[in-house]
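*Asks:* Sharing a structure here in structure tokens format.
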Number of protein chains: 2
Amino acid sequence: MDQSIQHLRINGDRLWKSIMDIAEIGPGQHGGSSRLALTEEDRQARDLFVKWCRAESCSISVDDMGNIFARRSGADNAKPPICAGSHLDTQPHGGRFDGIYGVLAALEVVRTLNENAIKTRAPIEVVDWTNEEGSRFAPAMIASGVYSGLFDRQYAWSQQDAAGISLHDALKDIGYLGQEPCGDRPLGALFEAHIEQGPILEKANNQIGIVTGGQGVKWFDITVSGQDSHSGTTPMSNRKDALLAASEIVGMLNRLALDNPPHALATVGCLDVSPGSRNTIAGSVCFTVDLRHPEDDELDKLEQAMRESLDEISTRHAMDIHLEPIWHNPPVKFDPECIEAVSQAAGQLGLRAQKMISGAGHDACQVCRVVPTAMIFVPCLDGLSHNEAEYATPEDLEAGCNVLLHAMLKVAGVES
Amino acid sequence: MDQSIQHLRINGDRLWKSIMDIAEIGPGQHGGSSRLALTEEDRQARDLFVKWCRAESCSISVDDMGNIFARRSGADNAKPPICAGSHLDTQPHGGRFDGIYGVLAALEVVRTLNENAIKTRAPIEVVDWTNEEGSRFAPAMIASGVYSGLFDRQYAWSQQDAAGISLHDALKDIGYLGQEPCGDRPLGALFEAHIEQGPILEKANNQIGIVTGGQGVKWFDITVSGQDSHSGTTPMSNRKDALLAASEIVGMLNRLALDNPPHALATVGCLDVSPGSRNTIAGSVCFTVDLRHPEDDELDKLEQAMRESLDEISTRHAMDIHLEPIWHNPPVKFDPECIEAVSQAAGQLGLRAQKMISGAGHDACQVCRVVPTAMIFVPCLDGLSHNEAEYATPEDLEAGCNVLLHAMLKVAGVES
């Protein structure tokens, strides 16, 4: 590669300023942002993003799911564009970086290419995916899901927010219902830069996560049926305490994950006790299970082991335990060439990097089913996200954006 | 004792019919009763009870907590009366027997004495205590509590129901605010017949529980403080899962009770998880602890052992665990002479009886602090109570009432 290209660097200050500018739209009470998908705030953020892209001479396309593609021409515009981006919407009490960083890092790549008059072989595109968070319209990642053929367009359009407004009408209301059918747009590759939203990079003192895929998830609901009875009149030997059995299951699931290191994860996040009275033994307990593993067969084995333990606990306590599968999202593996481009870029930049799996879902985890994809993670303070206190340092954001630049250049090619 | 007295028996059919008649007032949807304290339904039940007592030539006194005392004169009316009773109010979805049995069994004793023209030495009284259940006005057993000096009268009067009506006004509204200061009435002894509300007698195939006291209760709230984090991005090794620690505590409390048989009881009846999201590790869990034991020093030891285990769990999980004492109701021991009267009565009637501790609170557990007291339990189906399906057989109710009759005669004395 040309020596001058190897020394090309993005402008970290400009990137930081753009992130802070967008954060002003729908500002939170505690330093973050509140910019739910397709609200007036989201419209303002989209408009500012489009204005910035137009200022870089990009052409703008909006598809019928409201995804925005800003295109910078290449030397060979017959080639499918090399795309990067993420999302501009936030959680109700969201941070300034989750999603926004990926969109504006991609824009910063375009700005850097423009100011250095670099001509890529394939065109470059910056994308903002609609409603990634899922906070206003369920499910999350709905528009990248339609793009990838995972969700039907009519299904997505008909999703309603809490006020009964459909996603379709919300797109129309803010002027982002495009003509191009979502999914028709070919992409040569997709890169998504994102804060890690976990503690792994920070703990390892690494600046770059070379994300090789997303883990699989299985969600379940469990109901344990015991018997309501009086805490004062029921001997210990005569109880069917559903909370006692549920507590054992919580411990069992934790051990199950610990016994399958380093990737297995098991979490009980919701648990409801009925009747919920101080002096009544719980007759019924319902709770959720979230099982994760990067390998689908390992995820199946975790489920199988869980089922066997539940049978044992059910028999021992003489209580019915009902397991209801809720959702299965299989693991995804990113594209080897894209991963290699990220890895090489990090190496050539001399950054402390590690390969890792994405713990959370991202638009890239949907699109990777139809487009060669990889992700770049940067550390975030204490692994905290979906919280106004979410923070990433300007230095780490700059480093991740430089990796994005060079990974994209590798895949897009540069006219010498 | 006179041979004819020894063969005296109450009328089981009459007792059953009276119980069923009262159950018609505020009938439940599923065979039980809904007769909250000092409602129109309670007034109707009180009025019927008073009518029945007057028909037995009893004189009626109502104190300023609405407790009704129906007196049958004795040979020596200077002696304090030997009293028996319980309460006519019910839970919102209450049964037909809890409380009502004790009042009507005492009335049946009076009826039996009248039809057999038995003159007791001390007068006999039947009592209906106000608001035992605590479903309308907190706390439970409020009027027997005022009688016993545990609660201040003004405090009790000022308690409000959910609609903001004070207990004082409710007493006035239904015409049961008497003049006599509650607690001023001397009683020579108090007996309370009651369904067990637990499974012990049924399991042991015994008809009579000779209740020797009430167990002590300590209530606590526990808050475990962990850290909210993402179920997909937080490695198992990096979690502060408050629900995991709380689950261990639930198991620990159960073992603590099992390790201190046969009397120790430990129950977690309420448990709330925050933030309560399927894919968020619980940052905070609050739950209740109900510890019981018939011996106060054993109850203290249970608390101490619990505190030590909490310290260990807190250290091991590196999470703050806050223990908040909510209530301590020390154990009560009933009067040896009254217990002996019950025991002898059961023996002389040839009934299968066992000594036992009351698991639940009762008016007798309050009044026993100032009056020689004992209780008589009869089995109830499956130990079920506070439920419309609550059931006791006519045979067991009759047996318990015969024990009550003979215990009262022993203590009151009979004119030969």
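The values are calculated or read from the model by the stated rules, or taken from the named source; none is laboratory data. In this text, all values refer to a predicted model and were calculated from it rather than measured experimentally. Here the Cβ positions follow ideal geometry from the backbone for every residue, glycine too, while neighbour counts run over all protein chains shown. SASA here: full protein model, heavy atoms, side chains in, ligands and nucleic acids out. Shrake-Rupley method; radii C 1.70, N 1.55, O 1.52, S 1.80 Å.
*Asks:* Just reorder B:CYS286, B:CYS53 by solvent-accessible area, largest first, 1.4 Å probe, all chains present.
*Replies:* Largest to smallest exposure gives the sequence B:CYS286, B:CYS53.
*Asks:* Compute the signed sum of charges (Lys and Arg +1, Asp and Glu -1) over the other residues within less than 15 Å, Cβ to Cβ, of B:PRO325.
*Replies:* -2
*Asks:* To make sure I understand the rule: partners must be lysines, Cα under 21 Å from the Cα of B:LYS355, and not fewer than 8 residues away in the same chain. Which ones qualify?
*Replies:* B:LYS203, B:LYS333, B:LYS410
*Asks:* Considering only DSSP beta bridges whose two residues both sit in the range B:55-196, what percent are antiparallel, to the nearest 5?
*Replies:* Expressed as a percentage, antiparallel bridges in the range B:55-196 total about 55.
*Asks:* Stokes-Einstein diffusion coefficient for the protein assembly as shown at 10 °C in a medium of 1.306 mPa s, Rh from the Kirkwood formula over Cα pairs: what value in µm²/s?
*Replies:* Approximately 51 µm²/s, per Stokes-Einstein.
*Asks:* Another question about this same structure. Would you list B:THR120, B:THR315 from the most to the least accessible area, probe 1.4 Å?
*Replies:* B:THR315, B:THR120
*Asks:* Can I ask one more? Beyond 18 Å, what share of the Cα-Cα pairs of the range A:67-127 is found? Please give it as a whole percent.
*Replies:* That tail contains 39 percent of the Cα-Cα pairs.
*Asks:* Using only the Cα atoms of the range A:211-354, what are the Rg and Dmax in Å?
*Replies:* Calculated on Cα positions, Rg and Dmax stand at 20.5, 72 Å.
*Asks:* Further question on the same structure: Ordered by residue, what ³J(HN,Hα) values in Hz, to whole numbers, does the range B:16-26 give under the Karplus form 6.51 cos²θ - 1.76 cosθ + 1.60, where θ = phi - 60° and Gly and Pro are x?
*Replies:* 4, 5, 5, 4, 5, 5, 5, 4, 5, 8, x
*Asks:* Please compute the contact order of the range A:1-99 in relative form: average sequence separation of alpha-carbon pairs under 8 Å and at least six residues apart, divided by the residue count, as a percent.
*Replies:* Computed value for the range A:1-99: 32 percent relative contact order.
*Asks:* Next question, about the same structure. Sum up the charges of everything whose Cβ sits under 11 Å from the Cβ of A:CYS270, counting Lys and Arg as +1 and Asp and Glu as -1, but leave A:CYS270 out.
*Replies:* -3
*Asks:* What FRET efficiency comes out for B:ALA389 versus B:ALA78 if R0 is 51 angstrom and r is the Cβ-Cβ distance? Round to the nearest 0.05.
*Replies:* The pair B:ALA389/B:ALA78 has a calculated efficiency of 0.65.
*Asks:* Put a label point 7 Å from Cα along the Cβ direction on A:GLY251, then list its distances to the equivalent points in the other copies in nm, shortest first.
*Replies:* Distances to the matching label points in the other copies: 0.2 nm.
*Asks:* When the dipole is taken about the Cα centre of the protein assembly as shown, and only Lys, Arg (+1) and Asp, Glu (-1) are charged at their Cβ, what size is it in debye, to the nearest 20?
*Replies:* That gives the protein assembly as shown a dipole magnitude of about 160 debye.
*Asks:* Now for a separate question. Kindly sort A:VAL289, A:VAL370, B:VAL273 by accessible area of their heavy atoms, largest first, with the probe set to 1.4 Å.
*Replies:* Sorted by accessible area, descending: A:VAL370, B:VAL273, A:VAL289.
*Asks:* Oh, and also: May I ask you to work out the translational diffusion coefficient for the range A:1-115 at 10 °C, viscosity 1.306 mPa s, via Stokes-Einstein with Rh from the Kirkwood sum over Cα pairs, reported in whole µm²/s?
*Replies:* 105
*Asks:* May I ask you to derive the FRET efficiency for A:HIS328 and A:LYS203 from their Cβ-Cβ distance with R0 = 25 Å, giving the value to the nearest 0.05?
*Replies:* Computed FRET efficiency for A:HIS328 and A:LYS203 comes out at 0.25.
*Asks:* Tell me which of B:GLY99, B:ALA84, B:GLY32 sits at the most positive position along the dipole axis of the range B:7-114, charges placed on C-beta atoms (Lys, Arg +1; Asp, Glu -1).
*Replies:* B:ALA84
*Asks:* Just need the Rg to Rh number for the range B:107-255, please, alpha carbons only, Kirkwood Rh.
*Replies:* 1.16
*Asks:* Next question, about the same structure. For the range B:10-49, count the residues as N, evaluate 2.2 N^0.38 Å, and divide the Cα radius of gyration by that value, please.
*Replies:* After normalising by residue count via 2.2 N^0.38 Å, the value is 1.21.
*Asks:* Sort out for me the Cα centre separation of the range B:386-416 from the range A:243-294, rounded to whole Å.
*Replies:* 47
*Asks:* When only Cα pairs under 8 Å and 6 or more residues apart are kept, what is the percent relative contact order across the range A:285-416?
*Replies:* 24
*Asks:* So, one more: Can you check what the Kirkwood hydrodynamic radius comes to for the range A:240-281, Cα pairs only, in Å to one decimal?
*Replies:* 11.8
*Asks:* With contacts defined as alpha carbon pairs under 8 Å and 6 or more residues apart, what's the relative contact order of chain B in percent?
*Replies:* That works out to 24 percent.
*Asks:* Got a number for the accessible area of B:ARG255? Probe 1.4 Å, square angstrom, nearest 10.
*Replies:* About 130 Å², rounded to the nearest 10.
*Asks:* Which single residue of chain A puts its beta carbon nearest to the axis of rotation relating A to B, and what distance, in whole Å, does that give?
*Replies:* A:SER247, 2
*Asks:* OK, next. If I ignore ligands, DNA and RNA and count only protein heavy atoms, how much of B:HIS263 is accessible to a 1.4 Å probe, in Å² to the nearest 10?
*Replies:* Approximately 80 Å² for this residue.
*Asks:* Compare each residue of the range B:176-216 in its chain alone against the assembly with all protein chains, and report those whose accessible area goes down by 20 Å² or more; 1.4 Å probe, heavy atoms.
*Replies:* Residues shielded by partner chains are B:GLN197, B:PRO199, B:ILE200, B:LYS203.
*Asks:* Moving on. Whenever you get a sec, compute what percent of the accessible area on the range A:1-76 sits on carbon and sulfur atoms (1.4 Å probe).
*Replies:* Carbon-and-sulfur percentage of accessible area, whole number: 44.
*Asks:* What nm distances, shortest first, do you get from the label point of A:LYS172 to those in the other copies when the point sits 7 angstrom along Cα to Cβ?
*Replies:* Copy-to-copy label distances at A:LYS172, shortest first: 6.3 nm.
*Asks:* Follow-up. Once all Cα-Cα distances of the range A:181-232 are split into 10 Å bins that start at 0, what whole-number percent is in each one?
*Replies:* Using 10 Å bins, I get a P(r) of 13, 25, 21, 17, 13, 9, 2 for the range A:181-232.
*Asks:* Additional query: With heavy atoms of protein chains only and a 1.4 Å probe, what residues of the range B:292-314 have at least 30 Å² less accessible area in the full set of chains than alone?
*Replies:* The answer is B:ARG292 - residues whose exposure falls by at least 30 Å² when every protein chain is included.
*Asks:* What is the dipole size for chain A, taken about its Cα centre, with +1 at each Lys and Arg Cβ and -1 at each Asp and Glu Cβ, in debye to the nearest 20?
*Replies:* 560
*Asks:* Still on this structure, please answer the following. Compare the Cα positions of B:VAL273, B:PHE191, B:ALA170 along the charge dipole of the range B:160-283 (+1 at Cβ of Lys, Arg; -1 at Cβ of Asp, Glu; about the Cα centre) and return the one farthest towards the positive end.
*Replies:* Positive-most Cα among the choices belongs to B:VAL273.
*Asks:* Let me know the shape class of the range B:128-214, please: from the alpha-carbon gyration tensor, a ≥ b ≥ c as square roots of the eigenvalues, rounded when a/c is under 1.5, otherwise prolate if a/b is greater than b/c, or oblate.
*Replies:* Here the range B:128-214 falls in the prolate category.
*Asks:* OK, next. From the phi of every residue in the range B:53-58, what ³J(HN,Hα) in whole Hz does the Karplus formula 6.51 cos²θ - 1.76 cosθ + 1.60 yield, where θ is phi - 60° and glycine or proline is x?
*Replies:* My calculation for the range B:53-58 gives 5, 5, 4, 9, 6, 7 Hz in order.
*Asks:* A further question on this structure: Could you give each residue of the range B:30-44 its phi-based ³J(HN,Hα) in whole Hz, using Karplus coefficients 6.51, -1.76, 1.60 with θ = phi - 60°, and x for Gly or Pro?
*Replies:* 10, x, x, 9, 10, 9, 5, 4, 6, 8, 4, 5, 4, 4, 4
*Asks:* In angstroms, what radius of gyration and Dmax does chain B have, counting Cα atoms only?
*Replies:* 23.7, 86
*Asks:* While we're here: Roughly how big is the range B:113-252's charge dipole about its Cα centre, with Cβ charges of +1 (Lys, Arg) and -1 (Asp, Glu), in debye to the nearest 20?
*Replies:* In debye, rounded to 20, the range B:113-252 gives about 320.
*Asks:* Another question, if that's okay. Evaluate the Kirkwood expression for the hydrodynamic radius of the range A:327-411, namely the inverse of the mean inverse distance over all pairs of different C-alpha atoms, and round to one decimal in Å.
*Replies:* Across the range A:327-411, the inverse of the average 1/r is 14.0 Å.
*Asks:* How much accessible area per residue does the protein assembly as shown have, counting only protein heavy atoms and a probe of 1.4 Å, in square angstrom?
*Replies:* Result: 37 Å² per residue.
*Asks:* Would you work out what percent of the accessible area of the range A:139-252, with all protein chains in place, is carbon or sulfur (probe 1.4 Å)?
*Replies:* Ligands and nucleic acids excluded, carbon and sulfur reach 47 percent.
*Asks:* Something else about it: Using 14 Å as the cut-off for backbone N distance, which residues of the range B:104-121 belong to the label zone defined by a point 7 Å from the Cα of B:ILE5 along Cα→Cβ?
*Replies:* Once the point is set 7 Å along Cα→Cβ of B:ILE5, B:113, B:117-121 turn out to lie under 14 Å by backbone N, inside the range B:104-121.
*Asks:* Here is a further query. For A:LYS355, which inter-copy label distances result when the label point lies 7 Å beyond Cα on the Cα-to-Cβ vector, reported in nm to one decimal and in ascending order?
*Replies:* Values, ascending and in nm: 7.4.
*Asks:* Could you give me D for the range B:278-321, from Stokes-Einstein at 37 °C and 0.692 mPa s, where the hydrodynamic radius is the Kirkwood radius over C-alpha pairs? Units µm² s⁻¹, please.
*Replies:* Calculated translational D: 262 µm²/s.
*Asks:* Take every DSSP beta bridge whose two residues both sit in chain A, then give the antiparallel share in percent to the nearest 5.
*Replies:* Once the DSSP bridges in chain A are tallied, antiparallel ones form about 70 percent.
*Asks:* Provide the net charge surrounding B:MET252, with neighbours chosen by a C-beta distance below 11 Å and charges set as Lys +1, Arg +1, Asp -1, Glu -1.
*Replies:* That sum, taken over residues with Cβ under 11 Å, equals -3.
*Asks:* Can you pull the semi-axes for the range A:37-87, root of five times each eigenvalue of the Cα gyration tensor, sorted largest first, whole Å?
*Replies:* Each semi-axis is √(5λ); the values are 23, 13, 8 Å.
*Asks:* What are the equivalent ellipsoid semi-axes of the range B:262-416, built from the alpha-carbon gyration tensor (square roots of five times its eigenvalues), in whole angstrom, biggest first?
*Replies:* Ellipsoid semi-axes (Å, largest first): 43, 20, 12.
*Asks:* Anything losing 20 Å² or more of accessible area from the isolated chain to the full protein assembly: pick those residues out of the range B:227-242, probe 1.4 Å, ligands and DNA/RNA ignored.
*Replies:* Those residues are B:HIS230, B:SER231, B:GLY232, B:THR233, B:PRO235, B:MET236, B:ASN238, B:ARG239, B:ASP241.
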